[in-house]
Structure formats: C-alpha cells, structure tokens
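To start, the structure under review is shown below, and the notes come after it.
The values are calculated or read from the model by the stated rules, or taken from the named source; none is laboratory data. These numbers were taken from a predicted model, which means no experiment stands behind them. Here the Cβ positions follow ideal geometry from the backbone for every residue, glycine too, while neighbour counts run over all protein chains shown. What goes into the accessible areas is simple: the full protein's heavy atoms, side chains included, and nothing from ligands, DNA or RNA. Shrake-Rupley method; radii C 1.70, N 1.55, O 1.52, S 1.80 Å.
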Amino acid sequence: TQNLRTIKTIPLSLLQGAPDRLEVRGEVYLPIPEFRRMNEELAAKGEQLYMNPRNTGAGSVRNLNPKVTASRNMEIWVYSLTGSVAALPVEGHWEALEWLKSLGFRVNPHNRLCGTIEEVIDFYDHWVEARHDLPYEADGVVVKVSSLALQDVLGVVGREPRWAIAYKFPAEQAVTRLLEIGINVGRTGSLNPYAVLEPVVVSGVTVRNASLHNEEDIHRKDIRVGDLVTIERAGEVIPHVLGPVLIERPKNSKGFVMPVNCPVCGTAVVKPEDEAMHRCPNTSCPAQFFELLKHFVSKGATDIDGLGERWCQKLIDQEMVTDLADLYTLTMDQLLQLDRMGDKLAT
C-alpha cells in the first residue's frame with residue numbers, strides 16, 4: 001500500500017458522488033520511456049541493465065522502500081469495477097468505466113464499445129500494428145460482455161470468467177546473428193544450450209540470449225553458429241530461436257556438438273537413452289549446487305527472505321555454504337563479514 005500511494009495516477013481521494021465502499025481493479029505498469037530512462041542511467045554507471053518493463057515494474061511494486069517506487073514514475077490503468085455493484089449507478093461494464101472516470105480514476109482512452117464481433121476483429125487488427133505506438137507494452141486486447149446481468153448469467157469457472165477473453169497479439173519476431181551456443185548446467189545436472197546473439201530489439205526489449213531447448217532440437221532445425229536466425233518472444237517474455245535463415249547462411253557456419261565434459265566441473269557427460277537432455281552426473285558440480293541452492297531458498301520452496309541469486313553465489317564463493325545444511329549453521333557474525341551485508345539483511 002505504501003508503494004502504491006506514491007504512484008501519482010492512483011487518486012488518494014475520489015471526487016464527489018463516490019459511495020462509502022468501492023472496489024476497483026487495475027494494473028500498475030512501467031511506461032516504456034521511463035524504462036529506457038532507468039536503463040540509460042544504469043548504462044552510464046556501467047551497471048547491469050533491466051531486462052524488460054514488465055519484470056522491472058513488478059519489482060518496483062514489491063520493493064521494500066517506497067522511495068524507490070516513487071522514483072520510477074509508474075502509472076495505472078483501472079479496468080473494472082468489482083464486488084457488489086447492485087446499489088451503484090451502472091448497468092454494464094462500459095457504463096462502469098465511464099462512471100469510474102468521473103470519480104477520478106485513470107481509465108484507458110482506447111477502450112471501445114463494439115456492437116458486433118466484426119467490430120471487435122477490426123479493433124484487434126488495428127492494435128496489432130498500432131501497439132508499437134503505445135508508451136507501454138501490450139500483448140493483446142481483452143474482449144468483455146458489457147451487460148452486468150449477462151455477466152452473472154454466464155458466470156465464472158474457477159478463476160476464468162466466461163464473459164471475458166484475452167485476444168492475444170501474434171508473437172513478434174526478429175532476425176539477428178547467432179554468435180555462439182553456450183551451455184547452462186541446471187540443478188538436476190541437465191546441460192541446457194542457449195543462443196548468444198547480436199543484440200536485437202524485439203517487442204521493445206533488447207535480446208542478447210535465447211533458448212535453444214536441447215541438442216536434438218538444434219539439429220532438427222539445423223541451427224549453426226554464424227547463422228542469421230529468427231527469434232521470437234513467446235508470450236512477450238521468453239525469447240527462443242525459431243530457426244536459421246538458410247538463404248543467408250555463411251560458408252564458415254559451424255554445426256553444434258554437445259560437449260563431452262561438463263563445462264563447469266569437467267565430469268564426463270552422460271545421455272540417458274530415454275531422455276532428450278545430456279546430464280552432468282557429478283552431484284558435487286558447483287553449477288548444479290548453485291541452481292539447487294537458488295531453488296531451495298526461492299519463494300516456491302523454503303522462501304528464505306532476502307536470500308536471492310547474488311547472495312547464493314556469494315555464500316558459495318566464500319565457501320560458507322557447501323551443502324544445503326550449511327544454511328542452518330550460519331551465524332550473524334559470519335554474515336556480517338560479507339561486503340554490503342547489513343544487520344537487517346543478516347537478521
């Protein structure tokens with residue numbers, strides 16, 4: 001709440017005519033110009049850049065310091081009236097948005113009331129192209145039945161309303177040079193190839209690395225180092241390589257061969273017959289332990305607050321944690337010896 005109070009487009013009080021109790025739903029976002037400004041400042045300091053506006057915006061809202069959120073000039077679109085609406089002066093979703101606007105909420109000016117499915121399709125087709133002119137990222141349009149009475153009749157299945165559907169935009173593609181194929185070692189020992197690319201902008205985000213799945217997929221698509229390749233951001237988030245532009249293939253392009261030894265610990269790689277993945281069988285492999293530790297402390301597992309990727313690596317580098325049990329014997333005095341570790345984080 002303290003973070004959201006710093007966002008200037010969220011009204012702290014409503015205009016006259018508001019009921020005693022009101023619940024609205026909306027989405028806070030980081031505008032693209034603001035995202036670029038933040039990255040320009042980081043680049044000037046030689047620091048690592050943020051990946052995309054969506055993740056950066058989410059992190060800005062979760063930040064423990066409201067001053068950080070306030071410095072990032074985030075904004076909001078309010079997109080629905082929720083809860084009990086029986087006593088409110090609205091009969092449909094469209095009227096609800098107009099009413100919320102009159103109370104001082106920020107409602108998207110591009111919303112449109114359509115009378116036919118053909119109008120909906122025309123609206124979608126327009127925004128497939130025009131989305132690039134928006135000062136924020138969008139991955140589709142949401143089509144809703146306006147009548148609140150019909151919404152009640154149609155109902156909700158689990159979390160999915162039958163009266164609304166997301167009409168996604170096609171994934172955006174780009175062509176760039178494949179410079180190298182790198183290998184990540186996962187927490188189960190799997191060797192995961194990834195593409196190192198000439199930086200290219202896809203959907204407003206600079207992409208330098210992309211997923212290549214596994215060796216079989218690379219050979220099936222005939223992807224070679226040196227190729228021009230087509231990449232796509234699936235779901236507007238994760239980039240992956242679709243395949244090479246064969247007509248542009250250079251004569252010196254090189255086929256990919258999975259390493260016979262783990263690139264981190266040097267152990268001979270194995271490939272089970274019933275699996276697509278190659279694996280490092282060494283359970284003491286530093287790369288496997290790093291991924292295991294990251295997973296173990298993550299929100300979906302033990303949820304150890306404050307122990308993120310950077311601190312996991314530092315604890316391993318300092319040999320303070322060599323197996324998971326070592327986490328439970330760490331002392332305050334040990335942690336406070338680490339650079340940039342303060343009392344609050346150590347506690």
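Just need a number here: residues in the stretch 199-213 that are open to solvent by 30 Å² or more (accessible area, probe 1.4 Å) and either assigned to a strand (DSSP E or B) or at pLDDT 85 or above (or both).
Of the residues in that region, 6 qualify.
Counting only residues that are without any contact (Cβ under 8 Å) to a residue 12 or more places away in the chain and closer than 15 Å to Ile7 by Cβ, which one in the stretch 23-61 is farthest from the chain's Cα centre (by Cα)?
Gly59
So Arg187 clears everything in (1) closer than 23 Å to Glu137 by Cβ; (2) surrounded by fewer than 17 Cβ atoms within 10 Å (Cβ to Cβ); (3) in contact with a His (Cβ under 7 Å, 6 or more places away or on another chain) except one condition, right? Which one?
Tallying (1) closer than 23 Å to Glu137 by Cβ; (2) surrounded by fewer than 17 Cβ atoms within 10 Å (Cβ to Cβ); (3) in contact with a His (Cβ under 7 Å, 6 or more places away or on another chain), Arg187 fails exactly one: (1).
Considering only residues that are over 26 Å from the mean Cα position of the chain (by Cα) and part of a loop (DSSP other than H, G, I, E, B), which ones fall in the stretch 74-101?
Selection gives Gly83, Ser84, Val85, Ala86, Ala87, Leu88, Pro89, Val90, Glu91.
If you go through the stretch 214-247 one residue at a time, how many are closer than 21 Å to Asn261 by Cβ and surrounded by 15 or more Cβ atoms within 10 Å (Cβ to Cβ)?
4
The rows are residues; the columns are (1) farther than 24 Å from Ser190 by Cβ; (2) without any contact (Cβ under 8 Å) to a residue 60 or more places away in the chain; (3) touching a His at 6+ places or on another chain (Cβ under 6 Å).
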residue: Met258; (1), (2), (3): no, no, yes
residue: Cys312; (1), (2), (3): no, yes, no
residue: Met320; (1), (2), (3): yes, yes, no
residue: Gln334; (1), (2), (3): yes, yes, no
residue: Arg340; (1), (2), (3): yes, yes, no
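Considering Pro259, Pro250, which residue is open to solvent by less than 60 Å² (accessible area, probe 1.4 Å) and more than 32 Å from the chain's Cα centre (by Cα)?
Exactly one residue qualifies, and that residue is Pro250.
Those residues that are among the polar types (S, T, N, Q), within 18 Å of Glu319 (Cβ to Cβ) and in a loop (DSSP other than H, G, I, E, B), I need them from the stretch 283-305; list them, please. Spell out how you get there, then give the answer.
Restricting attention to the stretch 283-305, the residues satisfying the condition of being among the polar types (S, T, N, Q) are 283-284, 288, 298, 302.
With the extra rule that they be within 18 Å of Glu319 (Cβ to Cβ), the set shrinks to 283-284, 288.
Within the stretch 283-305, Thr283, Ser284 meet the criteria.
In the stretch 149-171, which residues are open to solvent by less than 40 Å² (accessible area, probe 1.4 Å) and part of a helix (DSSP H, G or I)?
Of everything in the stretch 149-171, just one residue is open to solvent by less than 40 Å² (accessible area, probe 1.4 Å) and part of a helix (DSSP H, G or I), namely Gln151.
For the stretch 102-121: of the residues being open to solvent by 100 Å² or more (accessible area, probe 1.4 Å) and either part of a helix (DSSP H, G or I) or touching a residue at least 40 places away in the same chain (Cβ under 8 Å) (or both), which is farthest from Ala164 (Cα to Cα)?
Here the residue is Glu118.
Residue by residue through the stretch 1-12, note down the ones that are among the hydroxyl-bearing types (Ser, Thr, Tyr) and touching a residue at least 40 places away in the same chain (Cβ under 8 Å). Walk me through it before giving the result.
Going residue by residue through the stretch 1-12, those that are among the hydroxyl-bearing types (Ser, Thr, Tyr) are 1, 6, 9.
Within the stretch 1-12, Thr6, Thr9 qualify.
Which condition breaks for Glu137 when tested against (1) modelled with pLDDT of 90 or more; (2) of a type in the set (Asp, Glu); (3) surrounded by 12 or more Cβ atoms within 10 Å (Cβ to Cβ)?
Failing condition for Glu137: (1).
Looking only at the stretch 214-225, decide whether some residue is modelled with pLDDT of 90 or more, at positive phi and not small (Gly, Ala, Ser).
The answer is yes; a qualifying residue exists.
Report yes if Glu275 is open to solvent by 40 Å² or more (accessible area, probe 1.4 Å) and out of contact with any Gly (no Cβ under 9 Å at 6 or more places or on another chain), otherwise no.
Taking the combined requirement at face value, the residue satisfies it.
For the list (1) modelled with pLDDT of 85 or more; (2) closer than 23 Å to Cys262 by Cα; (3) within 22 Å of the chain's Cα centre (by Cα); (4) assigned to a loop (DSSP other than H, G, I, E, B), I need the number of the one condition that Ala195 fails.
The one condition Ala195 does not meet is (4).
Checking the condition modelled with pLDDT under 90, part of a loop (DSSP other than H, G, I, E, B) and open to solvent by less than 90 Å² (accessible area, probe 1.4 Å), which residue from Gly59, Gly46 passes?
Gly46
I'm trying to understand the selection: among the residues of the stretch 306-347, which are assigned to a helix (DSSP H, G or I), within 18 Å of Cys285 (Cα to Cα) and open to solvent by 70 Å² or more (accessible area, probe 1.4 Å)?
Glu309, Asp317
Scan the stretch 232-241 and tell me whether some residue there is within 30 Å of Gln173 (Cα to Cα), of a type in the set (Lys, Arg) and touching a residue at least 60 places away in the same chain (Cβ under 8 Å).
Our first condition is that a residue be within 30 Å of Gln173 (Cα to Cα); within the stretch 232-241, this holds for 232-241.
Filter once more, so that each one left must be of a type in the set (Lys, Arg): 233.
Narrowing the set further to residues that are touching a residue at least 60 places away in the same chain (Cβ under 8 Å) leaves 233.
Checking the stretch 232-241: at least one residue is within 30 Å of Gln173 (Cα to Cα), of a type in the set (Lys, Arg) and touching a residue at least 60 places away in the same chain (Cβ under 8 Å).
Which one of the conditions (1) open to solvent by 40 Å² or more (accessible area, probe 1.4 Å); (2) under 30 Å from Gly155 (Cα atoms) does Tyr29 fail to meet, given that it meets all the rest?
With respect to (1) open to solvent by 40 Å² or more (accessible area, probe 1.4 Å); (2) under 30 Å from Gly155 (Cα atoms), Tyr29 is out only on (1).
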